[in-house]
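One structure is given here, and the rest of the page talks about it.
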Ligand code: ADP
């Protein structure tokens, strides 16, 4: 099976000479379609830098990122912008919803910005699966934090992206709501065969994922998969 996401010897260095910071130091990784991956590591280990590279938000110093077999940094800026819009769904800690748009309008916004056709059947399925059907006309300000994050997840799923990148998606939520959001993320990855890469500094949060990848000093320190019977849950 071809990996949907492949990272080869990725390096990102900031500064130079004696002040050089090697945020990523030759990191390689392969992710299959439908996998839900958690990237864990302490503050400063390189998680955000990695996520930025995976989403084509910043260029690496060296190395490659392939999404669906395409070397994303071979694209010019215009193509990379279109790639980001169509092939990557972003979920942020602070939800990033547009306050003057209702839930449904927020969810379809990326498709409208891209001038694409709205797949109503898919959108309604996403809305139902995230338990948002009774909230579609609400403004974000009338929703709880957990509900707002569910809207952000729906918005990410709406474009059927190759990958969803989630940056500390439960960082602003209490522990019970965090669990609910994580269970939904996992359910969505299974239901829509959606590849999700989530970064978190919270070990508990990571346990919901199919695979946990720990990074230290910009490289993978270890990788642990649920499928091999490692029991994280007691
Ligand atoms: P994490 O997300 O795990 O906290 P980061 O990817 O943000 O880690 O940072 C990794 C390292 O790179 C840190 O030492 C950080 O200070 C450094 N770094 C990140 N962004 C920049 C930048 N724009 N300029 C210089 N150093 C940076």
Discussion item. Pull out all pairs, ordered by first then second residue, where Cβ-Cβ is under 9 Å, the residues are six or more apart or on different chains, the first lies in region 42-58 and is on the phi > 0 side of the Ramachandran plot and without any contact (Cβ under 8 Å) to a residue 60 or more places away in the chain, and the second is near the ligand (Cβ under 7 Å from one of its atoms) and in a loop (DSSP other than H, G, I, E, B).
Written reply: none
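Would you call residue 223 without any contact (Cβ under 8 Å) to a residue 24 or more places away in the chain and out of contact with any helix residue (DSSP H, G or I) (no Cβ under 8 Å at 6 or more places or on another chain)?
Values: without any contact (Cβ under 8 Å) to a residue 24 or more places away in the chain: yes; out of contact with any helix residue (DSSP H, G or I) (no Cβ under 8 Å at 6 or more places or on another chain): yes.
Yes, satisfied.
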Worksheet item: Only one of (1) farther than 22 Å from residue 162 by Cα; (2) touching a helix residue (DSSP H, G or I) at 6+ places or on another chain (Cβ under 6 Å); (3) exposed (fewer than 14 other Cβ atoms within 10 Å of the Cβ) fails for residue 15. Which number is that?
Response: (2)
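Tell me whether region 67-74 contains one or more residues that are buried (at least 19 other Cβ atoms within 10 Å of the Cβ) and either touching a residue at least 60 places away in the same chain (Cβ under 8 Å) or farther than 25 Å from residue 3 by Cβ (or both).
yes
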Practice prompt. Output the helices (runs of 4 or more DSSP H) that fall wholly within region 112-208 and possess 3 or more residues being under 20 Å from residue 98 (Cβ atoms) and at pLDDT 95 or above, or say none.
Written response: 120-129, 145-158
Worksheet item: Of the residues 153, 183, 164, 205, which is crowded, with 17+ Cβ neighbours inside 10 Å and over 17 Å from residue 87 (Cα atoms)?
Response: 205
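The values are calculated or read from the model by the stated rules, or taken from the named source; none is laboratory data. Bear in mind that the values here come from a model prediction, so they are computed numbers and not experimental data. All Cβ positions, even for glycine, are placed from backbone atoms using ideal geometry, and neighbour counts span all protein chains on display.
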